[in-house]
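Throughout, read-outs are computed from the coordinates displayed, never taken from laboratory work. This structure is a prediction, so every number in the text was calculated from the model and none was measured. Quick reminder, even Gly has a Cβ in these numbers, built from the backbone with ideal geometry, and neighbours come from all protein chains shown.
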Amino acid sequence: MKRNSKFKEIEPDEIFLDAENAPDFNTNQLEGRITKPINKKTIFSVGLVCLLIGLTFIGRLGFVQIAKGQTFFDLSERNRLQKIPIISPRGIVYDRNGVELAWNREEEDKIIRSYIDLSGFAHLLGFVGYPTKDKAGFYWQDNFIGKSGIEKQYNDTLAGQNGMKITETDVFGNIKSENILAEVLPGDNVYLSLDARLQNKLFESIRDTAGGYFTGGAGVLIDVTDGSVLSLVSFPEFDSEVLSLGQDTEAILRFNSDKRKIFLNRPVSGLYTPGSTVKPFFATAALKENIITPDKKILSTGSISVPNPYNPNQASVFKDWKAHGFVNLAQAIAVSSNVYFYEIGGGFEGQPGLGISRLEKYARLFGLGEKTNIDLEGETLGTIPNPTWKKEHFNGEIWRVGDTYYTAIGQYGFQVTPLQLARAIAAVANNGRLLTPHLIKDKTKEEILLPIEDDIFQEVKNGMRMTVVSGTATSLNFGKAKFAAKTGTAQLGVLKERMNSWIIGFAPYENPKFAFVILLENGPENIGISAQMAAYKFFSWMVENTPEYFQ
């Protein structure tokens, strides 16, 4: 059949399909579904969002690469290149004989500060704080820092100077290279005047004598020729290495909770009533002021009585510890007669006294109640009682003769440090040279010359020698070495049931080399244990084991 030429060709989609001839669509897979075209508005919106996102990324990239480019470059470099301090080892601390007292050891690439494994050194040497890192591993403290004792006093000498290295790492933190930027300068060593043998043995003697009866103790040995400290002991003590490391929290808690004040450096910072140990100084004052002659005797019947200002019909009684009979100056020192020193201190009947002003003058002349200026932290002053002090502490009360009496025997408000007493008795031993004690070996001597004649000191020294030969310190009457000494007992508390026990002195008697002070702190009265017992333990050992100190 011939097609009509005026009609165009029929397209296949224009032919109506017969339902019987419909293809077999799988409608479960969306076959045969008519798809609608995407709306132009939708396309525009999606394009706009993509454009905004692209612009944001481009802007941020520009900010990072251009505005903050150098900052992030520096951060990247620091992540790749790190400057790490090389910790400087501290200097070593030696005693006068070259014995190591504090040194360094390596442990797992760390420097550990170590201390001599003997008792008696903790307060003297002190402890340190370690270099410390934050959680990210960076040092926020990159030096050892002395916290107390010699470690603190001579920290600048011991510290040295840290070095510096630069380390290159990859993205995984692996070290690729290391270079030293600055070399380590180790700290300088320190040489002490201390004798480690004496330090350890004096501590043990005080500790073993104190037992569980006394709350603490102190000991000092000082060279009377130049002021160098041979021993400076405080009991009880802590552990320097434990405090330095700071890891043994149980031990540190025990130190902090110890009622005996374990951190108190007693020779330097402890204040104590001196008792009869002040008598040699006031005997010196009485001779210098012509209050009494060496040979004049004063009768001690066991007490003296003076009118009571509040009740004239009832006398105030000032007791001696026993009746001594007639005693001269040397004998009064040897037997420690309170009556003798009451009378030369405050006067009685026909015997003139020094009076409180001159008692205070001579106490301070010998350095009592004053800092010794030792090269160690924490030194305290002390108290010499006087009228002004009494007014301030006793609601304006006036000073009375009884106050002078008690001051003359080292009681009332009198307080000194053991180091002050050691310095003072050294000045008696060397005939009036008040030395500045020091802990550094071969340090230049510093001294003050006291305006007191040698013959006066000799009279006092005779009394102190008599104390050892026939007086209150006969346990020190050794055959191989001659000691001179003075004992003292200071009563404590309202009921006088506690006491401090003292012994001070020097040796050898004819040519003194060292002065000493030993204190047992706060023990029960009449216990039968005294500082003299600790002195005997120590000096009997010293005579046999360190004879050079007696030659």
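Given the -39500 (n - 2.57) contribution per DSSP H run of 4+ residues, what per-residue ellipticity at 222 nm results for the chain, rounded to the nearest 500 deg cm²/dmol?
After summing the helix terms and dividing by residue count, I get -9500 deg cm²/dmol.
Where the only charges are on Cβ atoms (+1 Lys, Arg; -1 Asp, Glu), what is the dipole of the chain about its Cα centre, to the nearest 20 debye? Present the calculation step by step, with values, prior to reporting the outcome.
Working: 59 positive and 63 negative charges, 215 e Å.
Taking the Cα centre of the chain as origin, the dipole is about 1040 debye.
Compute the FRET efficiency between residue 361 and residue 117 as 1/(1 + (r/R0)^6), taking r as their Cβ-Cβ distance and R0 = 51 Å, and round to the nearest 0.05.
Values: r = 47 Å, r/R0 = 0.92.
Efficiency for this residue pair is about 0.60.
Sum up the charges of everything whose Cβ sits under 15 Å from the Cβ of residue 243, counting Lys and Arg as +1 and Asp and Glu as -1, but leave residue 243 out.
Details: positive: 113, 147, 152, 254; negative: 151, 237, 239, 241, 248, 250, 258.
Around residue 243, the surrounding residues sum to -3.
Quick check: Cα centre of region 439-484 to Cα centre of region 316-355, how many Å?
22 Å
Given a Förster distance of 51 Å, report the FRET efficiency between residue 259 and residue 165 from their Cβ-Cβ distance, rounded to the nearest 0.05.
Given R0 = 51 Å and the Cβ-Cβ separation, E is 0.60.
By counting other Cβ atoms within 10 Å of each Cβ, how are 123, 438, 393 ranked from fewest to most?
On the way: 123 29, 438 24, 393 12.
Result, fewest neighbours first: 393, 438, 123.
Based on Cα coordinates alone, diagonalise the gyration tensor for region 83-191, multiply each eigenvalue by 5, take square roots, and list the semi-axes in whole Å, largest first.
On the way: eigenvalues 190, 38, 29 Å².
For region 83-191, the ellipsoid semi-axes come out as 31, 14, 12 Å.
Based on the Cβ-Cβ distance from residue 544 to residue 377, what FRET efficiency comes out when R0 is 51 Å, to the nearest 0.05?
Details: r = 35 Å, r/R0 = 0.69.
Here the calculated transfer efficiency is 0.90.
Any idea what % of Cα-Cα pairs in region 89-141 are farther than 17 Å?
Details: 644 of 1378 pairs.
Counting pairs separated by more than 17 Å, the tail of P(r) holds 47 percent.
Name the shape class, rounded, prolate or oblate, that the alpha-carbon gyration tensor gives for region 186-283, where a ≥ b ≥ c are the square roots of its eigenvalues, rounded holds for a/c under 1.5, and otherwise prolate holds if a/b is larger than b/c and oblate otherwise.
On the way: a/c = 2.23, a/b = 1.25, b/c = 1.78.
Since a/c reaches 1.5 but b/c is at least a/b, the shape of region 186-283 is classed as oblate.
Express the relative contact order of the chain as a whole percentage, based on alpha carbon pairs under 8 Å and six or more residues apart in sequence.
Averaging sequence separation for qualifying contacts and normalising by length gives 14 percent for the chain.
Considering only Cα-Cα distances, which of the following residue pairs are longer than 23 Å: 152/486; 259/279; 259/371; 83/110?
Values: 152/486 35 Å; 259/279 32 Å; 259/371 27 Å; 83/110 18 Å.
The answer is 152/486; 259/279; 259/371.
Need one number: convex hull volume per residue for the chain, Cα atoms only, in Å³.
Numbers: hull volume 181.8 nm³, N = 551.
Convex hull of Cα atoms, per residue: 330 Å³.
Test of understanding: what is the full-extension gain from residue 296 to residue 394, defined as 0.36 nm times their sequence separation minus their Cα-Cα distance?
On the way: separation 98, 0.36 × 98 = 35.28 nm, distance 3.67 nm.
Additional length available on full extension: 31.6 nm.
Whose amide H sits under 5 Å from the amide H of residue 354, counting only residues 5 or more places off or on another chain, with H placed in the peptide plane?
For residue 354, whose amide H was placed from the backbone, the distant partners under 5 Å are 345, 346, 347.
How do 322, 461 line up, fewest other C-beta atoms within 10 Å first?
Details: 322 11, 461 23.
The order, fewest Cβ neighbours first, is 322, 461.
Could you please state, rounded to a whole Å, how far the C-alpha centre of region 206-238 is from the C-alpha centre of region 131-194?
After rounding, the separation between the Cα centres reads 35 Å.
Once the piece of chain linking residue 189 and residue 525 is laid out straight, how much longer is it, given 0.36 nm per residue of separation minus the C-alpha distance between them?
Working: separation 336, 0.36 × 336 = 120.96 nm, distance 4.59 nm.
Between residue 189 and residue 525, full extension yields an extra 116.4 nm.
Could you compute the net charge surrounding residue 499? Neighbours are other residues with a C-beta less than 13 Å from the C-beta of residue 499; K and R count +1, D and E count -1.
Working: positive: 496, 498; negative: 497, 521, 525.
With Lys, Arg at +1 and Asp, Glu at -1, the neighbours total -1.
Which order results if 492, 368 are arranged by neighbouring Cβ count within 10 Å, fewest first? Intermediate values should be presented prior to the final figure.
Working: 492 16, 368 26.
Neighbour counts put them in this order, fewest first: 492, 368.
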